1. Take the residues in the stretch 117-166 that are basic (Lys, Arg) and farther than 26 Å from Ala80 by Cβ; name whichever of them is farthest from the chain's Cα centre (by Cα).
2. Evaluate the following for Ala350: is it under 20 Å from Gly597 (Cβ atoms), surrounded by fewer than 23 Cβ atoms within 10 Å (Cβ to Cβ), small (Gly, Ala, Ser) and out of contact with any Pro (no Cβ under 6 Å at 6 or more places or on another chain)?
3. Which one of Gly402, Gly435 is in contact (Cβ under 8 Å) with a residue 12 or more places away in the chain, over 20 Å from Leu464 (Cβ atoms) and among the small types (Gly, Ala, Ser)?
4. Residues being assigned to a helix (DSSP H, G or I) and open to solvent by less than 10 Å² (accessible area, probe 1.4 Å): count how many of those fall in the stretch 635-666.
5. State yes or no: is Asp750 buried (at least 19 other Cβ atoms within 10 Å of the Cβ), touching a helix residue (DSSP H, G or I) at 6+ places or on another chain (Cβ under 6 Å) and of a type in the set (Asp, Glu)?
6. Picking from Ala360, Ala328, Ala342, which residue would you name as being small (Gly, Ala, Ser) and within 15 Å of Ser406 (Cα to Cα)?
7. Looking for whichever is basic (Lys, Arg) and either modelled with pLDDT of 85 or more or at positive phi (or both) here; the options are Arg126, Arg121. Which one fits?
8. Can you pull out the residues in the stretch 322-342 that are open to solvent by less than 10 Å² (accessible area, probe 1.4 Å) and touching a strand residue (DSSP E or B) at 6+ places or on another chain (Cβ under 8 Å)?
Amino acid sequence: MAEGNVATPFLDTRSFVREESEAFASELPTPAMGSPFLSLYELDGQSEYGDPEQEAWSTLVQELYDAEFDEALFELMTAARDLHQQHEASAGQGVDGERLLQQHFQQLIGEAENTVTSLERELGARDPGHLDEAELDALAERDTPSPNLSPEFEEFLGKWKKKLVGLAKKAGKLAVKLGLGPVLNKLKALIRPLLNKVLQMAIGKLPEAVRPAAEKLADRILNRRPKEAAPAASPSDPSSSGATATSPEDAAAATQAPAGASVTDLQQELNEQFANLLLASDEVDLELEVARVRSMERSSSTPVYSDLDQARERFIDELQELRDGEDAGPAIQNFLPAVLPALRLGIKLAGRGRVVGFLASLLAKLIGKLIGPEAAPALSRAIVDTGLKLLTLEVSPADQRGAAASAVAATVEETVRRISALPDHVLDNQELLEGFALEAFEQAAAANLPPILPESVYRDRPELLESRNAKTSWILLPLQRRKRYKKCGRTFKVRISPYVADEIESFEGPLSDYLYDQLGVEEGAEVEAEVSLYETLPGTTLPDIAHEESETSGTAGAVTATQLHPLTTKAAGLLLGEPRMGRNVPIGTGPQSIGVGQRLYHLSIPGKRLLTAPHSGRRARARRTGGIRLTLDGPNDTIRMHVFLSEVKAQKLAVRLRRQAHAGTVTAGFLRYLQRRLAPILRGERLPGIRVIQPGLASRAALGAALQRLPRDVSQAMTQRLQEAAVSAFAELAKAEGPRFITAAEEPADGVTLTFHMARFAGLQQFGKALLADGSTNGLAAAIAGGNKPDVRIDVTAGYKND
């Protein structure tokens, strides 16, 4: 730690809070957490099995994963949250709001049960081994309309039926011992627990599986009587004490993965339950699985995020009430137990009571000059001048008084978040902790406080300013009811060239995809835009921000979640000329599970609105941007690569094929499309884009960590080989079978999907085994690069397809 960082302008002395004549001691290791959703088997990290059923179970769980079912669950959760927030805004009764959602879901539960009953009637008495896949596919597509269903209910039921049909296909391949009828009959018991977890997520509660560890955090901090120990962590559990949400070079990162479960976790649990039922050996096993699910349903959840919201409000009020010179330590000490359970890595601090106490004392000293009747007014005026006035037409005296306390509270909260991301060797060493904690505070202060120090300080310490523009400030909005995000008090007017748009990455592809595919900007055109910036707090989702901003007075048009993009350091540098204002996206997060502290931007472009396409019969949704979905199926030695071309790109390709453009030039464009998108997927940076079916790798979290562990030459070899196989097959399609694509592009569906089936892919079996904890990568890159070419077949489908 540089000496300059120790001589912080926020402290008068170089000394830190330290207990007299007592060395800093390492605390006991944090107790292991239970896996996010308890399963009958703990398989991750194993590569060999004594029981073939365990291998079958692990493989089946992976095969059942469906990215579209994640989308349906997320839309269901978002709609439920909107309904709950509307109720709270009008009635203000959280308990009644939860009861309202339970009543709202009753219709969906009944319809989902009816879907199971219908399939049980059609398929229950038949031999699973003789079910025809074409017949099952037709059954999945058959409409069973129900009156007066909301769009998100329709979406869920369609994907639910598709998932059940997929289960029936697996039953045929597995030669299920009990037949399909008894299994389908028990599936009804899984519906209510699943939807109850969606409801809990909607109202901001931490899912039950994470709750015991969150309670232990508070127990340790407040010295409450210890409760029963949590079950041992699964090696795949991303929330276990040994997991990290940031890479090693991102120590004290400002952004980390959320603590709560995502919809992918909910589907993971459901897939495990499906597998348990399919592989049950007798009726007793079926009843035991149903009993286990029902016992989990009876467990209560903890409102971690709403608790944090209330604790933050209390903390802000307490800061405003402090007198000059009064110690803020007790207020901080009360605030920390609410902060830590909402952080993925907060568990690391729970077993280090002295670290938490040290932080409370240090932070109290650091904010001492910013609070109190004498200091706070100057800070409040600076915040009003650098942002608050720009966000609202009226700034009341109460808003001004609360501005300083809100900014200080945000600084404290971000400091704790940064410190929770520090590695163990820093947290367990007093001297290192002192320096890193001070640096974390200074970084948080640069992000949350306006320029309040003398100019000479900023000349000597430029890192204490996040932006060169003195009028840039992030505001924790103190207006009416608070929101779970901060907003930058300044908007930026920018000009975006096609070259810049192509360099900036959004969640699943370049910004240029969004401009061309969803806004209808012509390729090669420059656009002028107004950029609004946001930063997430724990519990935030992209639809939350979009909904609130759409209701904000003065916002030009409705804002949708699709229009929010990650403000990475590269995006901030290219768009705003301020790279330090950006924050990179943590591995494992994305549009459906956004990181805490993630910064986002929205582009308002005059004359441009989202292009829509028909969806779920009665409604329209934003057109999809392009993307790739990979399935690496080790047991069947097959790779399926779904390449979705947006409607804009599909129509342009169809035009070129009609004109019989040179196959080589058409294929060169397709190669560029693959190169941009395929490599990040195989590096584990875009986890929704890949599914690996490999015994012993049952969870999505384990897959993400495993892909990141692979040597770069292995992922590069796999990327190169996939590109070669796909490009060769696409060239044949463009040369000899263009009408197949043209026919699909003429359909009214949104876009076209090319599905590449690659059989006998060299090195695939070894690649899957290398993803296990003890898997070897010796010679793997050479095996992939030097093996025989796979056999490739292409399916062309109108619309979006991912399995």
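The values are calculated or read from the model by the stated rules, or taken from the named source; none is laboratory data. Quick caveat: nothing in here was measured; it's all calculated off a predicted structure. Glycine also receives a Cβ, built like all others from the backbone with ideal geometry; neighbour counts cover every protein chain displayed. Remember, those area values only see protein heavy atoms, side chains included, never the ligands or the DNA or RNA. Shrake-Rupley method; radii C 1.70, N 1.55, O 1.52, S 1.80 Å.
1. First pass over the stretch 117-166, keeping only residues basic (Lys, Arg): 121, 126, 142, 159, 161-163.
Now drop any that are not farther than 26 Å from Ala80 by Cβ, which leaves 121, 126, 142.
Numbers: Arg121: 38, Arg126: 40, Arg142: 32 Å.
Of everything passing the filter in the stretch 117-166, Arg126 is farthest from the chain's Cα centre (by Cα).
2. Values: under 20 Å from Gly597 (Cβ atoms): yes; surrounded by fewer than 23 Cβ atoms within 10 Å (Cβ to Cβ): no; small (Gly, Ala, Ser): yes; out of contact with any Pro (no Cβ under 6 Å at 6 or more places or on another chain): yes.
No.
3. Details: Gly435 fails: over 20 Å from Leu464 (Cβ atoms).
Exactly one residue qualifies, and that residue is Gly402.
4. Just the residues of the stretch 635-666 that are assigned to a helix (DSSP H, G or I), to begin with: 647-658, 663-666.
Cutting the leftovers down to open to solvent by less than 10 Å² (accessible area, probe 1.4 Å) gives us 650, 654, 666.
Count: 3.
5. Numbers: buried (at least 19 other Cβ atoms within 10 Å of the Cβ): yes; touching a helix residue (DSSP H, G or I) at 6+ places or on another chain (Cβ under 6 Å): yes; of a type in the set (Asp, Glu): yes.
Yes: the conditions hold for Asp750.
6. On the way: Ala360 fails: within 15 Å of Ser406 (Cα to Cα); Ala342 fails: within 15 Å of Ser406 (Cα to Cα).
Exactly one of Ala360, Ala328, Ala342 is small (Gly, Ala, Ser) and within 15 Å of Ser406 (Cα to Cα), namely Ala328.
7. Numbers: Arg126 fails: either modelled with pLDDT of 85 or more or at positive phi (or both).
Testing whether each residue is basic (Lys, Arg) and either modelled with pLDDT of 85 or more or at positive phi (or both) leaves just Arg121.
8. Result: Ala342, single match.
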